[in-house]
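One structure is given below, encoded as structure tokens.
The values are calculated or read from the model by the stated rules, or taken from the named source; none is laboratory data. Note that the structure is a prediction, hence the values are computed from the model and not measured. A quick note on method: Cβ atoms are made from the backbone with ideal geometry, for glycine too, and the neighbour counts reach across all protein chains shown.
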Amino acid sequence: METPRIVVVGGGAGGLELASRLGKRLGRRDKAQITLVDRDSTHIWKPLLHEVATGVLDQSLDETAYQGHGAQHGYDYQLGTLTGIDRTAREVELASLHDDDGNELLSERRLGYDYLVLALGSISNDFGTPGVADHCYFLDSASQAEAFRRAMLNTFLRYGDGEGSERPCLSIAIVGGGATGVELSAELLGATEMLKSYGYSGIGRDQLQVHLIEAAPRLLPALPARIGHAVHRQLEKMGIQIHLETKITQADAHGFNTADEQRIDADLTVWAAGVRGADVLANLGLSTAANNRIDVHQTLQSVDDERIFAIGDCAACPQGNDRMVPPRAQAAHQMADTLYGNLRAAIADKPLKLFHYRDLGSLISLSHFDAVGNLMTSATKGHLFIEGRLAKLFYVSLYRMHQRAIHGTFNTLLKVVVDRLNRVLRPNLKLH
């Protein structure tokens, strides 16, 4: 019997966790050939991109290089961008690869598979709003977060010391009152304080104006109302201007126009509203639900092809009562765990298990100021509301759980030690 080939496309939270576990259990023992494909060469946990965007997290210190990680964990890595699937030949099609000068490094390629996993995550949905793609920053990838960070630093420099002004010297507008928008708005205040303390800029929190714009009646509409209301109160105390039930109709180089004919001027604009799958997902010949999400059974298999699976934000997975699994990091983690077992079962020609999503709660970080959220309690099957230092501790633990899934317990403990040392040895904000 030939060694089965498992190709995972997408090295986000779910994809990397799955490839790591398959590599350690099957790849190292030559029970399967595991290949991870991603358009980037490094991984960083997507819920932390707002910290990369403000410089609170130094990407170069925290990212995981797929090539080295794969060599350590028993899977192969291919740098590439998915363009199509040949289901008859069981091959994935990858685009040609070019350097920064446009020179071709690798021509178009094909990779054979016996089992294919699509884990491409999601990107922001601008809903076709005029001007957004041209004038707004997005936080869908580390490179986009880094682009915003550089623009933010340049803007602070351009405004000088900011003294002598009776109005906020710098204005930043964020569209999207979900987790990314909320956490970024709070993080910007913390970054402003640190930039001033390092002498990089004289602009303080009282000279920074942050607009948080949400089309729904409240912040965090996908989470329990109590969390949304608590976060709203905290952000208002920080001085963030919140615009609810505000729909953006156009973006330009200097801000936004709204449906009620108001104008929100800003030096920097960020779009963090809406979630959809990458455009390529709609062109693979597979059934998709709204926003380019691959239709899958509860076994996580495509409804069109039993050898193709999808997990994470790009999967439209039913959960009964006309509900779908929400696009959240904890869902991707749980799907990776179920699919690990299902792939092993498929190789052994055994029945596959159904995926059942378990809501473990929600946590929102408000920079170093605070955190708010709830946790699922097994005793009552209800939610326990938490905030403050305890909530912040649980928030940090989510990231450590992800690190443990891809690096192992011992290496994660070492990373905790290194992170603490870096807090002493390095600036608390990336300034270059």
Just need a number here: residues in region 70-104 that are of a type in the set (D, E, K, R) and at pLDDT 95 or above.
-> 6
Any residue in region 231-239 that is outside any strand (DSSP E or B) and either among the small types (Gly, Ala, Ser) or on the phi > 0 side of the Ramachandran plot (or both)?
-> yes
List the pairs whose first member sits in region 94-112 and is assigned by TED's automatic domain parsing to the domain that holds residue 281, whose second member is part of a loop (DSSP other than H, G, I, E, B) and modelled with pLDDT under 90, and whose Cβ atoms are under 7 Å apart, counting only residues at least 6 apart or on separate chains?
-> 105/99
In this structure, is residue 129 in the same structural domain as residue 45 (by TED's automatic domain parsing) and of a type in the set (Val, Ile, Thr)?
-> no
Taking the stated definitions as given, is residue 89 surrounded by fewer than 18 Cβ atoms within 10 Å (Cβ to Cβ), of a type in the set (A, V, I, L, M, F, W, C), over 30 Å from residue 176 (Cβ atoms) and in contact (Cβ under 8 Å) with a residue 24 or more places away in the chain?
-> no
Among the strands (runs of 3 or more DSSP E) lying completely within region 265-382, list those that include at least 3 residues that are touching a strand residue (DSSP E or B) at 6+ places or on another chain (Cβ under 6 Å) and modelled with pLDDT under 95.
-> 361-366, 370-377
What number of residues in region 316-329 are touching a Ser or Thr at 6+ places or on another chain (Cβ under 9 Å) and in contact (Cβ under 8 Å) with a residue 60 or more places away in the chain?
-> 1
Tally time: how many residues in region 58-86 are without any contact (Cβ under 8 Å) to a residue 12 or more places away in the chain and either surrounded by 16 or more Cβ atoms within 10 Å (Cβ to Cβ) or farther than 20 Å from residue 28 by Cα (or both)?
-> 1
Taking region 185-221 only, how many residues are assigned to a helix (DSSP H, G or I), touching a helix residue (DSSP H, G or I) at 6+ places or on another chain (Cβ under 7 Å) and under 19 Å from residue 137 (Cβ atoms)?
-> 8
Tally the residues that are in contact (Cβ under 8 Å) with a residue 12 or more places away in the chain, of a type in the set (S, T, N, Q) and part of a helix (DSSP H, G or I), restricting the search to region 383-432.
-> 3
Filtering region 100-137 down to residues that are in contact with a Gly (Cβ under 7 Å, 6 or more places away or on another chain) and hydroxyl-bearing (Ser, Thr, Tyr) yields 122, 124
Of the candidates 145, 191, 173, 119, the one satisfying the condition of being crowded, with 22+ Cβ neighbours inside 10 Å, at pLDDT below 95 and either in contact with a strand residue (DSSP E or B) (Cβ under 9 Å, 6 or more places away or on another chain) or over 15 Å from residue 241 (Cα atoms) (or both) is 191
When (1) aliphatic (A, V, I, L, M); (2) within 22 Å of residue 275 (Cα to Cα); (3) in contact with a Leu (Cβ under 7 Å, 6 or more places away or on another chain) are applied to residue 147, the one that fails is (3)
Considering region 223-264 alone, what residues qualify as being charged (D, E, K, R), more than 16 Å from residue 175 (Cα to Cα) and touching a residue at least 12 places away in the same chain (Cβ under 8 Å)?
-> 226
Given the structure, is residue 156 of a type in the set (A, V, I, L, M, F, W, C), modelled with pLDDT under 95 and assigned to a loop (DSSP other than H, G, I, E, B)?
-> no
